[in-house]
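Down below is the structure, laid out as structure tokens.
Read-outs throughout are calculated quantities, based only on the coordinates presented, and are distinct from any laboratory measurement. Because the structure is predicted, anything quoted here is derived from the model rather than measured. Cβ: placed from backbone, ideal geometry, glycine included. Neighbour counts: every protein chain shown.
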Amino acid sequence: MLKEVKDSQAKVECVDCGVITNHDVTDIEVPYLEEFDEYENVVLGCTCGTSEVFNVNIPVDAEDEKFETGDLPLEEEVQRYYVRILQRLVRPDLNGSD
């Protein structure tokens, strides 16, 4: 679970062991997969061996979601907020490296 994304650093809480690890995402650039018409997921690992997978293909703006605020559990809305920050850092079409 993403706990924070700030200054190219992603803090992830492991779903298995609960440890929070800090990941520098500065050099992560996810490739675009033409066969699926979307970007590859971001995978961040924990020291216990568990991997957290983040789908960076959700709508870039919350206003483009098919959900209204309050339709999803608060925890899911918070995760989507952090994933939107993450996708702006790792997707070349959003971070200007495309």
Listed candidates (1) 1.22; (2) 1.09; (3) 1.71 - label of the one calculated as Cα Rg over 2.2 N^0.38 Å: (2)
With a cut-off of 8 Å between alpha carbons and a minimum separation of six or more residues, what is the relative contact order of the chain in percent? 26
GNM result for the chain, Cα springs below 10 Å: residue of Glu34, Glu13, Glu76 fluctuating most strongly: Glu34
Label-zone membership for the stretch 1-37, site Glu75, 7 angstrom Cα→C-beta point, backbone N under 12 Å: 1-2, 15-16
Applying 1/(1 + (r/R0)^6) with R0 = 22 Å to the Cβ-Cβ distance of Val15 and Thr47, what FRET efficiency is obtained, to the nearest 0.05? 0.95
How would Val56, Val43, Val78 line up from fewest to most surrounding beta-carbon atoms within 10 angstrom? Val43, Val78, Val56
